[in-house]
Each structure stands twice: as C-alpha cells, then as structure tokens.
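J.: Dropping the structure in here first, questions after.
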Amino acid sequence: MSSFNSIAAKRIAQIINLSEEEIVGMLVKPPKPEMGDIGFPCFTLAKALKKAPPQIAAELAGKVEQGAPFSEAKAVGPYLNFIIDESAVAASTVGAALASPENWGKSESGKGKTMVIDYGSPNIAKPLAIHHMRTNVIGAALMRIYKATGWNVVAINHLGDWGTTFGQLMVSYKKAEAENPDQPVDVDALFKLYVKFHADMEADENLGNEARDWFKKLEDGDEEAKRLWKSFVDASMKPLYKIYGRLGMHFDHYLGESYFEDKMEATVENIKARNLLKESEGAMVIDLEEYGMPPLLVQKRDGATTYATRDLAAAEYRHKEFSFDKCLYVVANQQELHFRQVFKALELMGYDWANGCEHIKFGMLSLGPGVFGENNGEAITGSTRKGVVIFLADVLDRAVEKAKEILLDNARSESVKANVDTLAEQIGVGAVMFTEFMQRRMKDITFTWDRALNQQGDSGVYLQYTHARLSSIIRKYGKALPKEIDLSKLETDFERAVMMKVGQFPAAVEQAAKENEPSIVASYLLELCAVFNRMYTDKERHKIISEDEILSAARVGLVESVRITLANGLALLGLAAPEEM
C-alpha cells in the first residue's frame, strides 16, 4: 500500500502546493471499501482556497491524473479517494509475495545506515527473572525489524558484570567459603549469596563498606578480587546462553561494563577537558541543574566509577567502532532520568552524534493472580534483593508444559503427537513472548495463562494456529502452484480485502521501525488473520480447492501469500511458524 500512497501523493502534488511527503502524511483509509482505498482529506486546503472541502475534492477529482494503478479517482464528500485497480492489487500483493517469499515485507529504506542496539543487558550472577523478558523480546524484535528495512544492525549485550554488586558477592562468598571450602560457584548459589548479603546488611551496615572496599580492590587489579570476579562471570554465562537460545536472541557482541574498565580514564579526561567536572561532597559530578536534572555522578568519593561513567565510555566506543547513525537503548522506563543525563552529558562533551542516541522505554511486566501459586492471588513484579522473584526459565517451562497438554488434548494427527515436544516449546515460548506485543511497549502488562494460550483471541497461539491451518490447505492442494496464476479470478469482496491486507505488510514493518514499536507488526498480523478467517469461514462462496483448477490455483496462491506474510511477520517477532498443531 505504501507504493500506492506514494503514487497518489505524487499525482495530487502536481495540482496543489504541497510536497509529496506532506501529502503522504495526510492520506487516510476510507471507512468503507466502496468509498475507495486511499483518501485525501481536503479540510486543510479550505482556508487557503476559500472554498468548502467538498468543492475542493470535486475540483481535484476533475484535474488529477487518472489511470493505472488506479481504476478511478473520485470525490466522496470532502475527500479525494483513489480506487486501486484489481489487477494492480493482485500483482503488488499475491504476485509479489509468491515471487520472492524470503524478501516479502523487506525494504531498503535504511540502506547505508548503521544502528547499534543495546538490549538484554542483565546484571549477571543471578538467573534471568521474568522482568528481564521485556528488554530481550522487544530488543530482538527491533533488531530484526531494522534489518528488514535495510539497516546494518549491531546488537550488543551490555552485561552488568561490574560494580558494587560484585563487591557484595565477594563479601558474602568469602564468608560462605570460610565455613565451607567447597562452596559452589554456580548462578543459583550466587543468587542465594546475593540475597543473604542484603539480609545480613540489615543487621550489620558495615557490610556495605566491606563491599565497596572489595569492588575498589577489583578496580585496582587485586588478584584475589579478579579471580573471584572471573569465576562469578564464568558461572553466569552458560545459563544465560541457554535462555537466549530458547528466546531466539542474537547478539553480535557481549560487551559488558567490565569491557570499558580500561577506557573510563580516557572518558573522565574528556569530561575534564570540557571543564564539565565539579566536586560535590568529595565526589565528581557533571552539573545538569541548568537542564532541569540532578547532577550526574561520574566518580564516587573513593574514586570508583559508576554506571554513568561506563555508559559514557560505552557510547564513545560504539560510535568510534561502528559509526552509528542511531544507538538504541532498550531499557525500562524507570531509567528515563539516567539516560536523559547520559545523553545530555554526551552532548556537552561536544559529540554531535549524541542526538542519535535514544532510550527505547517500556512499561512494567507483572504476573497476574494464580500464574504461580506463590503469588497468592496478587500481581507481583518481585524483588531480587529479597529473593522474591520468579525466574524466566520457570515461566517458560510452565508455558511449555501447558502447551503440551493442549496439543495432546487436541491432536488430530500422529505427527503432532510424534513432534509434541518441539511444538510445545515453539508454542509455549512463543505464547510468553507474544504477550510483549499485545499492546504498545510503554504500557504496563500483566501476564496471564488464559490470555497467553488463547487459541481464539489476540495471542501468539492464534497466529501460529492460523499458520498451521494455512499450511494444511497448501498440503491438501498437494502440488506446486503453476508458474502463471490467473489472479483476476480473485474477485469477491472478501478476496480483495485479504489481498489489500497482505499488501499492507511492508508498510507495517516500516512503521514499526519508524516508531520503534514491534506491536505494530503484531497488530497487523492479528488483523491479517482475522480478515483471512472471515473469508475462510464463508466456505459457500470461497471454497479454496474445487474442480475449477484455474480458480483453485488462484485461491491457493492467495492462501500461500497470507502464509508467507504471516511466517515472515512471526519471524520478525521471534516466534516460530508451525506447519501443524
């Protein structure tokens, strides 16, 4: 549809004093199919032309260039509406999808541009919790969407593998090791030590000073501190890789905070060179009061660095290494002030590329009543320090168990039973992931099993089930589609509606990239399935496979174009597209 919009805008721009870009931004979809496919509202022209909008629309209809790819351009009240020719609709949707399935939905709008995306980025030495899911799923989807629009994308996992937390772990571990020389070093043991440290600190505040001392030792290169730190990092990575594999996550680089440990001195010197550092109660800060923000802490009183120092060093490194046009940080909205401070500091340091840095915020995720028995009927988000947290792996495992039960209860073929474990993993994990896309990322979401695993509603399972249905139709057809398909046979209103919806896929992907909003793709896919299923259930008028081989080929081609679109869209979101369920 975006190409048709561009053609319509170009024709309108030939007769009015607005640019094609301005006109494209004004175009709307008429509320009823019989009104047309693309509408141009004439209200904004009324004041300049001193005419009523319906009169302007009528005059434009008489002047605008007619002809392909439009069958007609006509005035409908205050709108100039374009009707796309049926052959153009079929060729640009079904024809295009069938001609290049792997490229359908892709574009080159970002060609020649580089985007660095920072997502995932957990504090290690503890298992991933349910609240880590949002950055991973949203970030990975944006990575794929930008790639689909031609961008060169560099995905970075900025691991939280440095800081006072490791001093806390060292204090707790050394005490445990003194009591048990065989104290294990694995991620579960480290998590328990982390929780124990904070419980012990409530009775002994001096533990906080000990932790800071240990972290200072680490920064100063103390051998024992370095040995402990490395053992904690090594123990953390294997379970991380396993979870990322299940979620379909991909990172080009694991460049945690520790990577920038030897680069922060240069960053601090850059800040000093700009006369930006000020002393505040023994610490060094960048004063941001003029910009309505509190000071940004760069160095603590003991000389130790901060999250902000490491983020500044990381940003400098990323631009030097990758020359990015955009650098996206997919981090919860609670960190909004932090990133405003960091981006302003980069700007004050004289980096004009700082305006390419953007915080991709998202709302909170909580588990609804009864998702896990221990939440006692209340939505929870958890507290890692207190040990009140639900691990992401446990949620995925529970989802897979439930998906397996549903599959076995409804299995209609032996192949589903034979592949039930693989299918359950695809459906269960996909169901959890898709909850991230049911609404726009800034909204808080509450996870419930009923919503996630609903085969009839707005869920990933519904999309996967529709893909399996489409695949079943293709298998039933039982042969390759002919090279030449008579798409003019697709002439009913329902068939046209499906074709038009298929044609909107590339524009949906472009818009998702423009707004950094993967839910746009998810909403589009749900609409596509709804439109197709309306046609499919009208079996009296739309029998897909019949004795009419020419009509059957055309309708199977339409089905295949929907399947291709759905599979490509699911892939952008990180979900599998099962061929049977």
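J.: Counting only residues that are at pLDDT 90 or above and over 38 Å from the mean Cα position of the chain (by Cα), which one in the range 203-213 is surrounded by the fewest Cβ atoms within 10 Å (Cβ to Cβ)? Spell out how you get there, then give the answer.
T.: Taking the range 203-213 as the starting set, the residues that turn out to be at pLDDT 90 or above are 207-213.
With over 38 Å from the mean Cα position of the chain (by Cα) added as a condition, the list becomes 207, 209-210, 213.
Numbers: L207: 19, N209: 11, E210: 19, D213: 15.
Top of the filtered list is N209.
J.: Here's something else I'd like to know. So F82 clears everything in (1) modelled with pLDDT of 95 or more; (2) more than 22 Å from K32 (Cα to Cα); (3) in contact with a helix residue (DSSP H, G or I) (Cβ under 9 Å, 6 or more places away or on another chain) except one condition, right? Which one?
T.: Among (1) modelled with pLDDT of 95 or more; (2) more than 22 Å from K32 (Cα to Cα); (3) in contact with a helix residue (DSSP H, G or I) (Cβ under 9 Å, 6 or more places away or on another chain), the lone unmet condition for F82 is (2).
J.: Additional query: Could you please find all residues in the range 139-156 being touching a strand residue (DSSP E or B) at 6+ places or on another chain (Cβ under 7 Å) and in a helix (DSSP H, G or I)? I'd like the intermediate steps shown before the answer.
T.: Going residue by residue through the range 139-156, those that are touching a strand residue (DSSP E or B) at 6+ places or on another chain (Cβ under 7 Å) are 139, 142-143, 146-147, 151-156.
Residues satisfying the conditions are G139, L142, M143, Y146, K147.
J.: Another one. Would a scan of the range 120-138 turn up a residue that is over 18 Å from Y329 (Cβ atoms) and part of a helix (DSSP H, G or I)?
T.: Checking the range 120-138: at least one residue is over 18 Å from Y329 (Cβ atoms) and part of a helix (DSSP H, G or I).
J.: Okay, moving on. Do any strands (runs of 3 or more DSSP E) entirely within the range 261-329 hold 3 or more residues that are more than 17 Å from G350 (Cβ to Cβ) and in the same structural domain as R212 (by TED's automatic domain parsing), and if so, which?
T.: By residue number, 277-280, 283-286.
J.: Right, here's the next one. Could you identify the single residue in L481, L575 that is assigned to a loop (DSSP other than H, G, I, E, B) and in contact with an Asp or Glu (Cβ under 8 Å, 6 or more places away or on another chain)?
T.: L481
J.: Does E102 qualify as being farther than 30 Å from E257 by Cβ, modelled with pLDDT under 95 and charged (D, E, K, R)? Reasoning before the result, please.
T.: Numbers: farther than 30 Å from E257 by Cβ: yes; modelled with pLDDT under 95: no; charged (D, E, K, R): yes.
No: the conditions fail for E102.
J.: Is it the case that I427 is of a type in the set (A, V, I, L, M), on the phi < 0 side of the Ramachandran plot, surrounded by 15 or more Cβ atoms within 10 Å (Cβ to Cβ) and touching a Pro at 6+ places or on another chain (Cβ under 8 Å)?
T.: Taking the combined requirement at face value, the residue satisfies it.
J.: So if I check each of Y173, Y194, which one is hydroxyl-bearing (S, T, Y), buried (at least 16 other Cβ atoms within 10 Å of the Cβ), in contact (Cβ under 8 Å) with a residue 40 or more places away in the chain and closer than 30 Å to A315 by Cβ?
T.: Sole residue among the options that is hydroxyl-bearing (S, T, Y), buried (at least 16 other Cβ atoms within 10 Å of the Cβ), in contact (Cβ under 8 Å) with a residue 40 or more places away in the chain and closer than 30 Å to A315 by Cβ: Y194.
J.: Right, something else. Out of the residues in the range 388-409 that are in a helix (DSSP H, G or I) and in contact (Cβ under 8 Å) with a residue 60 or more places away in the chain, state the one that is surrounded by the fewest Cβ atoms within 10 Å (Cβ to Cβ).
T.: Checked the range 388-409; the qualifying residue surrounded by the fewest Cβ atoms within 10 Å (Cβ to Cβ) is A393.
J.: Starting from residues that are more than 25 Å from Y329 (Cα to Cα) and either in contact (Cβ under 8 Å) with a residue 60 or more places away in the chain or not assigned by TED's automatic domain parsing to the domain that holds T165 (or both), keep the ones in the range 229-253 and report whichever is farthest from the chain's Cα centre (by Cα).
T.: Among residues in the range 229-253 that are more than 25 Å from Y329 (Cα to Cα) and either in contact (Cβ under 8 Å) with a residue 60 or more places away in the chain or not assigned by TED's automatic domain parsing to the domain that holds T165 (or both), the one farthest from the chain's Cα centre (by Cα) is W229.
J.: Output the residue which, of all residues in the range 97-111 that are touching a residue at least 40 places away in the same chain (Cβ under 8 Å) and not charged (D, E, K, R), is nearest to K361 (Cα to Cα).
T.: In this case the residue turns out to be G110.
J.: Being surrounded by 14 or more Cβ atoms within 10 Å (Cβ to Cβ), part of a helix (DSSP H, G or I) and at pLDDT below 95 is the filter here, so list the residues in the range 336-387 that pass it.
T.: Of everything in the range 336-387, just one residue is surrounded by 14 or more Cβ atoms within 10 Å (Cβ to Cβ), part of a helix (DSSP H, G or I) and at pLDDT below 95, namely N375.
J.: Between residues in the range 274-299 that are on the phi < 0 side of the Ramachandran plot and residues that are surrounded by fewer than 17 Cβ atoms within 10 Å (Cβ to Cβ) and part of a strand (DSSP E or B), which pairs lie under 8 Å by C-beta distance while being six or more apart or on different chains?
T.: Listed by first residue and then by second, the contacts come to M284/K278; V285/K278; V285/E279; I286/K278; D287/K278; P295/K278; P295/S280.
J.: For the range 129-159, give me the residue count where each residue is in contact with a Lys or Arg (Cβ under 9 Å, 6 or more places away or on another chain) and among the small types (G, A, S).
T.: Within the range 129-159, residues that are in contact with a Lys or Arg (Cβ under 9 Å, 6 or more places away or on another chain) and among the small types (G, A, S) number 2.
J.: For the range 62-109, enumerate the residues that are assigned to a strand (DSSP E or B) and either at positive phi or acidic (D, E) (or both).
T.: Residue satisfying the conditions is E72 alone.
J.: Ok, one more. Quick test for you: out of S100, S107, pick the one residue that is touching an Asp or Glu at 6+ places or on another chain (Cβ under 7 Å) and not assigned by TED's automatic domain parsing to the domain that holds L142.
T.: Result: S107 is the single residue among S100, S107 that is touching an Asp or Glu at 6+ places or on another chain (Cβ under 7 Å) and not assigned by TED's automatic domain parsing to the domain that holds L142.
J.: Taking the conditions exactly as written (in contact with a helix residue (DSSP H, G or I) (Cβ under 6 Å, 6 or more places away or on another chain), of a type in the set (S, T, Y) and modelled with pLDDT of 95 or more), does T435 satisfy them or not?
T.: No.
J.: So in the range 475-527, with the set limited to residues that are out of contact with any Ser or Thr (no Cβ under 7 Å at 6 or more places or on another chain) and of a type in the set (D, E), which one is nearest to K443 (Cα to Cα)?
T.: Only one residue tops the list, namely E517.
J.: Right, next: Consider V498 carefully, then state whether it is in a helix (DSSP H, G or I) and either over 30 Å from K326 (Cβ atoms) or not β-branched (V, I, T) (or both).
T.: yes
The values are calculated or read from the model by the stated rules, or taken from the named source; none is laboratory data. Here the structure is a predicted model, which is why all the values come from computation and not from measurement. Here the Cβ is made from the backbone with ideal geometry for all residues, glycine too, and neighbour counts use every protein chain on show.
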